[in-house]
Amino acid sequence: MDVQVMADAVIAGDRRALARAITLVESSRADHRTEAAELVSRVAGSGRQALRIGLSGTPGVGKSTFIESFGMMLIGLGLRVAVLAVDPSSTRSGGSILGDKTRMERLSRERAAFIRPSPSQSQLGGVARRTREAVSLCEAAGFDVILIETVGVGQSETMVAEMADLFVLLIAPAGGDELQGVKRGIMEMADIILVNKADGDLKPAATRTMADYAGALRLLRKRPQDPESFPKAMAVSALAEDGLQKAWDEMTALANWRKENGHFERRRAEQARHWFGEEVRQGLLAQLEAPEARAAMQALGQDVAAGQRTPTDAALEMLRQLAH
Ligand code: GDP
């Protein structure tokens, strides 16, 4: 399909075109990359803006249950919801945390929902670009809310936080009064911590855990750009569909506050700048993988090992060759 035709179809809300467009941005073939870059810049002019919500949590915390309940609630409010998954560490059969369609069964049947599994490639840099471009495509296609899900491991959270307007961390109720090994850096990224499974026997533990996190969040870095009450911890039950509306109200309150104060656009601008830098870095690294570059690295490396060149001198020579 012609890139302009595809861009028009995506903007017109054609789901099949959107799925094909995402397949195109996921491809690592050089000719596909060129087309994908063109496609993404063409849809960038759609002028549409979704709320991009990053969602993280360790396996078993209830992410898919939450996305299903939360997504259904949003659809009930008349909103269109896209779900994208980032799973750079995936080695599972099928290679995807969302590959299994039985996850989010109700949501996947909804016309107002679009669920896209994580591509199986495992290189973080590539995953970042593909996800970011898929987000732009969903935004251009007119989705109101884009949930970007990631598992709570490795660097994927930082990456998702860098492409989301809000970052939500899902936590399970803790047995004791300890904060469950959640890394400080991840807590610092969270705008809202949702302690899930606040139902039945787990409710008291969830309430305690929520209080613990609320306390911990108060001690963390103050955010002068946000209202006093953020970041905040709340208890929800994805299964009982409890607290979801309240969580959404808080998310929209924070997003609206940031919009009114210019922080929303500023954050997006900073993110765009960040991804520009990342793309350049990735591009330079990719140049090192080209056959001539590898041969030159090998030859210069040997010279260095043999004491015929200093490491600095050889590196300068290598960089000179790359610049040509
Ligand atoms: P994920 O791995 O983070 O996507 O977690 P799942 O959504 O697959 O949920 C893992 C398990 O926790 C499943 O058995 C769910 O039924 C259960 N679960 C999810 N949300 C809740 C909840 O709100 N309350 C309770 N009690 N169980 C839940």
Any residue in the stretch 214-228 that is open to solvent by 10 Å² or more (accessible area, probe 1.4 Å), at negative phi and modelled with pLDDT of 90 or more? yes
Filter result for K246 (within 16 Å of the ligand (Cβ to nearest atom) and open to solvent by 50 Å² or more (accessible area, probe 1.4 Å)): yes
Taking into account only those residues within the stretch 59-81 that are assigned to a loop (DSSP other than H, G, I, E, B) and surrounded by 16 or more Cβ atoms within 10 Å (Cβ to Cβ), which is farthest from the chain's Cα centre (by Cα)? L79
Near pairs, Cβ below 8 angstrom, 6+ apart or cross-chain, from the stretch 296-324 (modelled with pLDDT of 95 or more) to any residue that is β-branched (V, I, T) and surrounded by fewer than 13 Cβ atoms within 10 Å (Cβ to Cβ): V304/T310
Taking only pairs six or more apart or across chains, which ones have beta-carbon atoms under 8 Å, a first residue in the stretch 229-246 that is over 16 Å from I171 (Cα atoms), and a second residue that is more than 8 Å from the ligand (Cβ to nearest atom) and among the β-branched types (V, I, T)? F230/I192
Six or more apart or on different chains, Cβ under 8 Å: which pairs go from a residue in the stretch 93-120 that's assigned by TED's automatic domain parsing to the domain that holds V145 and open to solvent by less than 40 Å² (accessible area, probe 1.4 Å) to one that's at pLDDT 90 or above and part of a loop (DSSP other than H, G, I, E, B)? Could you list them? A112/L79; A112/R80; A113/R80; F114/R80; F114/A141; F114/F143
Given the condition open to solvent by less than 90 Å² (accessible area, probe 1.4 Å), part of a helix (DSSP H, G or I) and charged (D, E, K, R), answer yes or no: does some residue in the stretch 278-294 qualify? yes
Checking W275 against (1) closer than 23 Å to D144 by Cβ; (2) open to solvent by 60 Å² or more (accessible area, probe 1.4 Å): exactly one of these is not met. Which one? (2)
Every residue in the stretch 253-264 that is part of a helix (DSSP H, G or I), surrounded by 13 or more Cβ atoms within 10 Å (Cβ to Cβ) and not aromatic (F, W, Y), please. A253, L254, A255, R258, K259, H263
Test D226 against the stated conditions and say whether it is of a type outside the set (A, V, I, L, M) and within 30 Å of R106 (Cα to Cα). no
Just the residues that are over 14 Å from R130 (Cα atoms) and surrounded by 13 or more Cβ atoms within 10 Å (Cβ to Cβ), please, taken from the stretch 1-37. M1, V3, M6, A7, D8, A9, V10, I11, G13, D14, A17
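So if I check each of G185, G142, which one is over 20 Å from G62 (Cα atoms) and open to solvent by 30 Å² or more (accessible area, probe 1.4 Å)?
G185
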Failed item, numbered, when I171 is tested on (1) closer than 30 Å to A272 by Cα; (2) modelled with pLDDT of 95 or more; (3) within 14 Å of the ligand (Cβ to nearest atom): (2)
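The values are calculated or read from the model by the stated rules, or taken from the named source; none is laboratory data. Worth saying up front: this structure is predicted, and the values here are computed from it rather than measured. All Cβ positions, even for glycine, are placed from backbone atoms using ideal geometry, and neighbour counts span all protein chains on display. In case anyone asks, the SASA skips ligands and DNA or RNA and just uses the protein heavy atoms, side chains included. Shrake-Rupley method; radii C 1.70, N 1.55, O 1.52, S 1.80 Å.
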